1. Tell me which of 334, 279, 357 sits at the most positive position along the dipole axis of the stretch 249-398, charges placed on C-beta atoms (Lys, Arg +1; Asp, Glu -1).
2. What is the P(r) of the stretch 546-587, as percent of Cα-Cα pairs per 10 Å bin from 0?
3. First measure r as the distance between the Cβ atoms of residue 294 and residue 709, then evaluate 1/(1 + (r/R0)^6) with R0 = 35 Å and state the FRET efficiency to the nearest 0.05.
4. To the nearest 10 degrees, how steeply does helix 2-16 sit against the main Cα axis of the chain, on a 0 to 90 scale?
5. FRET efficiency for residue 541 and residue 756, Cβ-Cβ distance as r, R0 = 51 Å, nearest 0.05?
6. What 222 nm value per residue comes from the helices of the chain, counting each DSSP H run with n ≥ 4 as -39,500 (n - 2.57) and dividing by all residues, nearest 500 deg cm²/dmol?
7. Check which residues have an amide H placed less than 5 Å from residue 127's amide H, if you skip close sequence neighbours.
8. With a 1.4 Å probe and all protein chains left in place, how much of the accessible area of the chain comes from carbon and sulfur atoms, in whole percent?
Amino acid sequence: MKWIISIWLLMFVLPLAAQQALVHEVKGIILSAVDKQPVQGVQVYLHETKIGTLTDSTGRFSIPNVKKGSYHLHITILGFEPVDYTLRVDENMQEVRLLLEPTFIEIGRVTIESDMLKSGNKEQSLNVTIADGEYLLRNYGGSLPQTLEKIPGVTLISMGTGIAKPVIRGLSLNRVIVNDHGIKMEGQQWGFDHGLEIDQYDVERIELIKGATSLLYGSEGIGGIINILPPHIPKEGSLKTDVLTLYRSNNHLFANSIGVSGNHKKTFFRLRVTTQDFGDYRMPADEFTYNGFVLPLVNNRLKNTAGSERNVTGSVGIVRNWGNLRLTVSNFHQRAGMFAGAIGTPRSYQLTDDGNPRDIQLPLQRNNHFKAVINSKIMIKDSWLQTDFGYQNNYRREESDPHFHGKGPTPKGKLALGLRLDTWTLNSTFHKYLTERVKMVTGISTQYRHNQRDGFEFLLPAYRAANAGAMIYFEYNLNEHTTLSGGARFDYGWQHIERYVEPVYINNETIDGYSQRVPETTRSFYNPSGALGVSYSPTRSWNLKMNLARSFRVPSPAELGQNGVHHGTFRHEQGDSSLRSETGIQLDAGMYYTQKKVRLEFTPYFYYFDNYIYLRPTGSFSPFVDAGQIYRYTEAPAIVAGSELLLEYHPLEKLHLETAFEYVYNFNVETNLPLPFTPPLSISVAGDYDFGKLGKRIESLYVGTGYKYYAPQNQVDRNESATPGYGLMYINTGISFRFKQQELEVQFRVDNLLDEQYLNHMSRYRILNLPEPGRNFMITVKAPLTILKGKED
């Protein structure tokens, strides 16, 4: 890894040696477009330097010590449309003068800029959605994917209440990238029962891109990307802390998270510590049926689904007029019970009450994810160099009582399956304006992974993998209405999978020979990709987008070399070492309309894959005892199509009504059978009323309700069970109190208000015909405390 470190040092140290340059002061005034009066309290944020300020009573603002170059200003305030303004800073710079249009639409829903491309929403050709702090606070679930589930086009694969994987447009696992602080998360994301190792209470803002992102992010960027953006840099001279407490009644989840941040003379820091504990979750049923057997659910709870989390994240950095540098170190630790039916067929004696719904017994899983990331953003003349360098260690342990599938001695110890993955990553992008209308982004990305295994069970062999890619992207503002974009990329991938053999016993002691479970495999993959896009805004209210891309995905080591019982998903899974890179042609379109009271989004898509790789049920059963059905990775031409529709309407300024529709249609072109694990059609309606400020102490108050209908999912693959339809209702309310300069926020929500008994087609417990959690009361209390306000306040 010395060459990776050397490259990074060159990219960072050399630019620092040339940072002596004249600086300028960015000044401006912001007025209302209606009466041309100054607007006070507008947040003005310089994207590249992460420096912000507020307008004064005259509508004026000033940002000092800004180097010559190209920047983006974000202008936001409640009640007005946000503005993204491209700014050229030099000795000829004029004072910025902006007019803001009034709107009822929430700021967080329309303030969008691509973190990779540094482009505003109307310049981008892909669908980008932002989940800001307000959205996260109102929608906290048991995990980050569950928190994002209300966004149209986003569903999840779940196993209980604390383990979930995001699904975008029916695509999941290794087809959805999760970027945290500029680094792609690398755990065991190929597994349906492997959760996302992110402390959701440490997340402030998420950029979600739906559609083909291979051009920008490389392999696995087929379904989309969840980009967890670094938090804003604290204001100079500020010192703040916050405490968050959350409770969920269904499984008696208690979460506590405390954070502190500050900035002293442009050296900033952040620290967050989180604990979360939950018990067995409750279902509105007292029995379930599996393979014709009626089994009990004692006290309406699913035994051994309790768990806990212990997370810590810390960062330190500097911000200067040449850019900023940040080091972030985090550790995520989760311990979660696994339903007894995960180890063989569920039996009545495994479901008896143990007297403690918070007890975590065998079988269980332990997940620890350590991550260290260095982010730098440096100005070189009038361009920007952004570099992200990271190391991750993911250690997954599945523990159970010793057992053996077949003949042989009883194994020693409790470790059934251990997977340790080390990952080194280096990404770098260079942003430059070639002319006032043409922007260029070039980039390289490299990654090295080493996976080791342990335990008396075998599922995934040890392997080493490396990949490297380079891309170039252009954005051309043809005129004030039209932006053209496009680019090309080339990637190389390499994988070496180690051979795995195991002894064959004729009885519990005598070895008769050895059987090869997985052959030694070395594969190389070469993948070109590219995209062309257009964004057209005929008026201020309308925006039309289209993006055509060739995408790719290198098959994962699990898809090439897996061959064993995957207890967390109740089946035997087999790979195929001959699989090729998955390639496809993806067409994404979008129609957007935003007016003072109305917002409409319609985003259809059509994807064709030459060789779609997926885990398909075979109809045959594993030769191992209690191992379930065999699922085998296969490739076939496939089509994935669908759309999302979102309509938001404010008949009154404080009344917000919303409806959403999402549908995924897919099939194997050779067999005309649907692809497995496809989310059903869904329709949702929601509304809330914001009372605003009430008196001296109540800063804001809202009440809301919503209902989401999931249609029956009869679009299933051979040997995959259909799932009946159902509907879920919720209510929520939130209130914010102000005491002098401090604020206290309280959120209350009830999910599954009617205590509906239903099966979730995307749940791994669906295979066992287990219903999902019942009624769930949730309360969240957040208390931010400002100790020092900082200069910009």
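1. 334
2. Calculated P(r), rounded to whole percents: 27, 33, 25, 14, 1.
3. The calculated FRET efficiency here is 0.75.
4. 10
5. Numbers: r = 39 Å, r/R0 = 0.76.
Step by step, r from the Cβ atoms, then E = 0.85.
6. The per-residue figure over the chain is -1000 deg cm²/dmol.
7. 210
8. Working: 17830 of 31250 Å².
With neighbouring chains kept in place, the figure for the chain is 57 percent.
The values are calculated or read from the model by the stated rules, or taken from the named source; none is laboratory data. Just so it is clear, the structure is predicted and the values come from calculations on it, not from any experiment. Ideal geometry is used to build each Cβ from the backbone, glycine not excepted, and the neighbour counts take in all protein chains shown. Just the protein is used for accessible areas: all its heavy atoms, side chains included, with ligands, DNA and RNA removed. Shrake-Rupley method; radii C 1.70, N 1.55, O 1.52, S 1.80 Å.
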